[in-house]
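Each reported figure results from applying straightforward, stated rules to the coordinates on display, with no laboratory input. It should be emphasised that the depicted structure is a prediction, and the values quoted were computed from it without experimental measurement. Positions of Cβ are generated from backbone atoms using ideal geometry, with glycine treated the same way; all protein chains shown enter the neighbour counts.
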Amino acid sequence: MSSPNTMASREVYPFSGGELVLYKSNKLQKLYIELTNRCNFSCRMCFRNNFSAEFGSMPDRVLDALLQQIGALPQLKAALIGGIGEPLLHPRLREVIKALKQHGTVVDVQTNGVLLDDELIDFLLQQEIDRIITSYECGAVGHVQATGLKDTISKVAERRRTHRGGNSRANHPRITLEWILTADTLDRLSSEAREMVELGVNEFILSNLLPMEESMASDSLIFSRHTGRQNRVAWKNQGDILEPFIDALRYRAKVQRPEFHLRTERRCSFVDNNAAVIRHDGEVAPCYRLLHESREYYQGRWRAVVPHTFGNIADSAVSEIWNSRDYLWFRHQVGNKLYPSCPDCELREGCDYIADTTADCYANSPSCADCLWDRQILICP
Ligand code: SF4
Ligand code: SF4
Ligand code: SF4
């Protein structure tokens, strides 16, 4: 019989007529921190449009618990402050950045850029943050301040040059542009990207539009075969769609590209990168998709997204939550792809499971079976 210590470091599950043992670990390596899901923008493409709950910001009680716990995460390598909302609105942003940097963590800050004034840019440079990730969409469903963002990027690049001089870290922090691709703006992608590189952008993260309303479906480049909506890039592959863009950049910037249709391979970058997401109220979720009560529209129907969390950092240490029985099992199941595939399932028209994310036909709960992030169709930094 196992000693109590051994039992405490593992969980045993019934599995295929036998037992499966999963070991607890301190491998939590990346935290996504949602300081707020409030925003000073109201973009049409934003996931916030379909959130059901009130928007909120991280209260002191939760933020204090976070600051206290950072030092107790030996393998924490990276943190992204952002998510769906504008983190620069949070009054204690600087404290969180300082604590993470003192811990030796790679820190990315995701922002729409409007509040990046000289003083804040200088603070971020002094703290040696690693990436400023900002989003840019020049079409009708995107950000309203496209021109303002270009000015902000120039300003960041200029101050970065001044701070770093000619040394080898002159491109640090990297300026990363997140870009939601739409049928409407595809033609302008190459010229806009060229201009952005001239201004100082170092990398692009391209992703697809998940329609927030049915009328936006024809703008999205994905799933035309399944929806029956023939848009102009239907079933072209990744290379065909993005070739002019890649050519225009001439390898002067790194590019992360999404898939445009289903491939056999599934890979959840949240689980594979040993990441967790801390919601503004302290709840710990496995990913952005399962963070908020919301709804998704694709393949011609709506699906309710039911948030799924494993504990709250104000009540338990995030390392304990990470090693809880349910979270261990969830990561095992997602990491090993032990879930069905709904988008190409022949039964989906009559299947009630896909009405929401709570369960699937393998008895998983929550269900990842209809996720577009694990298909790399939607990409997060
Ligand atoms: S700036 Fe970002 S978080 Fe804010 S509304 Fe737009 S997409 Fe949403
Ligand atoms: S839950 Fe199962 S049966 Fe239903 S659509 Fe998904 S894969 Fe098909
Ligand atoms: S597969 Fe999708 S729903 Fe499941 S954890 Fe990953 S991102 Fe979240």
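Numbers for the structure displayed
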quantity	calculated
FRET efficiency for Asp272 and Ile246, using Cβ-Cβ distance with R0 set to 25 Å, rounded to 0.05	0.50
Dipole of the chain, positive direction: furthest Cα of Gln376, Leu221, Ala355, with charges on the beta-carbon	Gln376
Separation of the Arg325 and Arg159 label points, Cα + 7 Å toward Cβ, nm	5.0
Estimated distance in nm for a label pair at Asp64 and Ser42, the labels positioned 7 Å out from Cα along Cα-to-Cβ	3.5
Summed residue charge, Cβ within 11 Å of Asn112's Cβ, Lys/Arg positive, Asp/Glu negative	-3
Sequence of Val197, Val106 once ranked by neighbouring C-beta atoms within 10 Å, starting from the fewest	Val106, Val197
Full-stretch length increase - Glu95, Thr264 - with 0.36 nm per residue and alpha-carbon distance subtracted	56.5 nm
Three-way shape call for the range 34-112 based on the alpha-carbon gyration tensor, with the a/c threshold at 1.5	prolate
FRET efficiency, Gln333 to Gln256 (Cβ-Cβ, R0 30 Å, nearest 0.05)	0.70
Sites Asp122 and Lys24, calculated FRET efficiency, Cβ-Cβ separation with R0 56 Å, nearest 0.05	0.85
Additional length obtainable on full extension of the chain from Lys77 to Arg301, 0.36 nm per residue less Cα span	76.8 nm
Size of electric dipole in the chain: Cβ of Lys, Arg +1 and of Asp, Glu -1, about Cα centre, debye, nearest 20	1000
Neighbourhood net charge (15 Å Cβ-Cβ; Lys/Arg +1, Asp/Glu -1) for Glu95	+3
Two-decimal log10 I(q)/I(0) for the chain, as the Debye equation yields it once each C-alpha is a single scatterer, q = 0.08, 0.11 Å⁻¹	-0.43, -0.82
Pair Ser52, Ser9: separation of 7 Å Cα→Cβ label points (nm)	4.2
Residue-averaged [θ]222 nm for the chain, counting only DSSP H segments that reach four residues, each worth -39500 (n - 2.57)	-7500 deg cm²/dmol
Entries of Lys30/Lys254; Lys98/Lys254; Lys155/Lys254; Lys254/Lys337; Lys30/Lys337; Lys30/Lys155 with Cα pairs more than 25 Å apart	Lys98/Lys254; Lys254/Lys337; Lys30/Lys155
